[in-house]
Amino acid sequence: MRVVYGENGKPATQIGVWTDITERKRVSDELKESERRFREMLSNVELLAVTLDNEGKIVFCNDHCLRLTGWSLDEIVGKDWFDTFVPPPVDKVRRLFFDRGQLGTIPLHRRGPLLTRTGEVRQIAWNNTVLRNPAGELAGTASIGEDITDWLRAEEELARSREELEERVLARTSELNRTNEALVIARDAADSSNAAKSKFLSRMSHELRTPLNAILGFGQLMEVSDLSDEQRQDVELILKSGGHLLGLIDEVLEIARIESGAQSISVEPVDVSEVMSEAIGVVANLASERHVSVQVVDSVRRYALADRRRLLQVVLNVLTNSIKYNVEGGVVRIRLFGESDGMTVIEIADTGIGMTAANLTKLFTPFERLGAEALHIDGTGLGLALSKSLVESMGGTFSVTSEKNIGSVFTISLVRSAPFDIEAHLDSADRRESKLHITTPCKVLLIEDNPSNVKLIQQLFEGEEHVRLLTAESGRDGMKLASRAIPDVIILDLHLPDITGQLVLSEIKSDKLLRHIPVIVLTADAFAVTEDKLALSGAFACFSKPVKLVELMNSIRDALEVNRSAA
């Protein structure tokens, strides 16, 4: 505003400039309101909030900080933060904060002690930031802190407890080591004993079979030569007795192997219905000769965890007994069912001569025939004892109930298993990748004796028109087929009926024509030592049953790629 004077020296008019500051006033009020709300928020949170100027003087301190330190806001505003709240040495902390702060690089995160009015020291985790004025110049610092004193004390207590626990663990470990040393000594002694027993069994098998081979061999030659009727009867008796002795040797050695731990058992999902059908076919002629009817009462398909070959051996033993000790025109009824305790049960009931309660207690005693020799029925007295041992080694139970002149019921219980179906082992994501998508013609050889596992692999290759899948049920047949076909990949089961998969792998890797072929091993033995041993023997990959099919498919793809690269 300016006054303009006339010629007479008196004010004639006024000149002024008015500026509209409405908007500026509104913005200023909003900023003040925003600052008020922000300060109010900082006053209510359970965190320490502090603002300092460039010299370290306190500008603002929220309620939580005041409660923790024991001061009032009027008492500390304007005071030096470091002299008031930082225990000695103060200068070191001040330099850390402000020498760096002049460059705008104060430590963003820092832990440090906070001195309260009563002299107590609290530990605070700070988050720091630099404040600047509208001109961009440093105007001070703002910090938010969390009291972590109790947490640190708990951590220290935990550390002390951990140290005490470690001391106790070390003491217990030392004690266990001493115990383990004693166990190792005992185990080595047992292993030595078992090794000696296995060696003895092997030697006995050789020593007994060698003369038997000559006896049965020359007996068969004599059988086809010109003999009188009496001589022919004598030769038949020699062959029959030799065959009986050979069966006896096999069963005695089998029981001894189980007792010594030398018996090889491969437990995996088995189609029990399929095993029963095969066994019934084997004993059909014997049943016909004895005029015994074999009936299947329950035809529902059942699965169990078992060694298929050993299970077939057990079922054949039981069915043979049920037929041999039956009556003329008798019946053998087979029933398969599932128990609520998760077991698959095979029940074989006959209408035979039965047993007394006293004889039942001796049933599983080796060589105990319970007077059957007087009935002129062939047998060794070892079949049921061997069957019981085999079932138990597969994790099952074997029991018998019987009544004289009524019949007997044999019950075999095994852990139930779901059918090993490819669809059941693929989730929705894996199912999209459930095809190998092989575009180059190739041959894959599967050496596997379990029909269920053969079906599984066949289903895996379903629709793969470029893949020719070859199968062999034994190790020797597999070797012959491999030598003829020279496959691109071999999938090998470790447990085979004639020789071990380990031996098959060794022979493949020692054969000049076959050693380049990748061999993927499947095994029911999940121990790492088995996988390590197979890897050292040259296995491309090793999978424990039940196999994760997606991993198996990936391994087959990799093996084919390796074989193509090596070709």
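The values are calculated or read from the model by the stated rules, or taken from the named source; none is laboratory data. Keep in mind that what you see is a predicted model, and the values were worked out from it rather than measured. When we count neighbours, we look across all protein chains shown, and the Cβ atoms used for this are built from the backbone with ideal geometry, even at glycine. To get the accessible areas, we keep the full protein, side chains included, count just its heavy atoms, and leave off ligands, DNA and RNA. Shrake-Rupley method; radii C 1.70, N 1.55, O 1.52, S 1.80 Å.
Pick from the stretch 140-188 the residues that are under 30 Å from Asn127 (Cα atoms) and charged (D, E, K, R): which of them is surrounded by the most Cβ atoms within 10 Å (Cβ to Cβ)?
Restricting to residues being under 30 Å from Asn127 (Cα atoms) and charged (D, E, K, R), the top hit is Asp147.
Looking at the stretch 262-301 only, could you name the residues that are under 28 Å from the mean Cα position of the chain (by Cα), among the hydrophobic types (A, V, I, L, M, F, W, C) and assigned to a strand (DSSP E or B)?
Within the stretch 262-301, just Val270 meets the criteria.
Out of Val169, Val184, which single residue is among the β-branched types (Val, Ile, Thr), under 31 Å from the mean Cα position of the chain (by Cα) and modelled with pLDDT of 85 or more?
Val169
Could you please find all residues in the stretch 75-106 being closer than 19 Å to Val59 by Cβ, modelled with pLDDT under 80 and either loosely packed, with under 11 Cβ neighbours inside 10 Å or not aliphatic (A, V, I, L, M) (or both)?
Arg94, Phe97, Phe98, Gly101, Gln102, Gly104
Which residue, of Ser510, Ser544, Ser506, is modelled with pLDDT of 85 or more and open to solvent by less than 70 Å² (accessible area, probe 1.4 Å)?
Testing whether each residue is modelled with pLDDT of 85 or more and open to solvent by less than 70 Å² (accessible area, probe 1.4 Å) leaves just Ser506.
Quick test of your reading of the structure: Val562 fulfils all but one of (1) open to solvent by 40 Å² or more (accessible area, probe 1.4 Å); (2) β-branched (Val, Ile, Thr); (3) at pLDDT 85 or above. Name the failing condition by number.
It fails just one condition, (3).
Of all residues in the stretch 392-421, which are modelled with pLDDT of 85 or more and of a type in the set (Phe, Trp, Tyr)?
Matches in the stretch 392-421: Phe398, Phe410.
Return the pair list, or none, for Cβ contacts closer than 8 Å from residues in the stretch 110-138 that are closer than 18 Å to Gly70 by Cβ to residues that are of a type in the set (Asp, Glu) and open to solvent by 80 Å² or more (accessible area, probe 1.4 Å), at least 6 apart or on different chains.
Matching pairs, first to second residue: Ile124/Glu146.
In this structure, is Ser161 modelled with pLDDT of 80 or more, within 36 Å of the chain's Cα centre (by Cα) and of a type in the set (S, T, N, Q)?
When the stated conditions are applied, Ser161 passes them.
Can you name the residue in the stretch 298-342 that is of a type in the set (A, V, I, L, M), open to solvent by 30 Å² or more (accessible area, probe 1.4 Å) and more than 24 Å from Ala385 (Cβ to Cβ) and, of all such residues, is modelled with the lowest pLDDT? Steps first, please.
Residues of the stretch 298-342 of a type in the set (A, V, I, L, M): 300, 304-306, 311-312, 314-316, 318-319, 323, 327, 331-332, 334, 336.
Checking the rest, the ones that are also open to solvent by 30 Å² or more (accessible area, probe 1.4 Å) come to 300, 305, 316, 327.
Those still in the list that are more than 24 Å from Ala385 (Cβ to Cβ) too: 300, 327.
Numbers: Val300: 74, Val327: 86.
Looking at residues that are of a type in the set (A, V, I, L, M), open to solvent by 30 Å² or more (accessible area, probe 1.4 Å) and more than 24 Å from Ala385 (Cβ to Cβ), I get Val300.
May I ask you to list the residues in the stretch 463-479 that are closer than 20 Å to Ser537 by Cα and of a type outside the set (A, V, I, L, M, F, W, C)?
Ser474, Gly475, Arg476, Gly478
Within the stretch 454-476, which residues are surrounded by fewer than 16 Cβ atoms within 10 Å (Cβ to Cβ), more than 28 Å from the chain's Cα centre (by Cα) and among the acidic types (Asp, Glu)?
Selection gives Glu465 alone.
Out of all the residues in the stretch 107-128, which are touching a strand residue (DSSP E or B) at 6+ places or on another chain (Cβ under 8 Å), open to solvent by 70 Å² or more (accessible area, probe 1.4 Å) and either modelled with pLDDT under 90 or not in a strand (DSSP E or B) (or both)?
Across the stretch 107-128, the qualifying residues are Leu108, His109, Arg111.
Test each condition in (1) surrounded by fewer than 16 Cβ atoms within 10 Å (Cβ to Cβ); (2) under 22 Å from Arg416 (Cα atoms) for His291 and report the one that comes out false.
Looking at each condition in turn, His291 falls short on (2).
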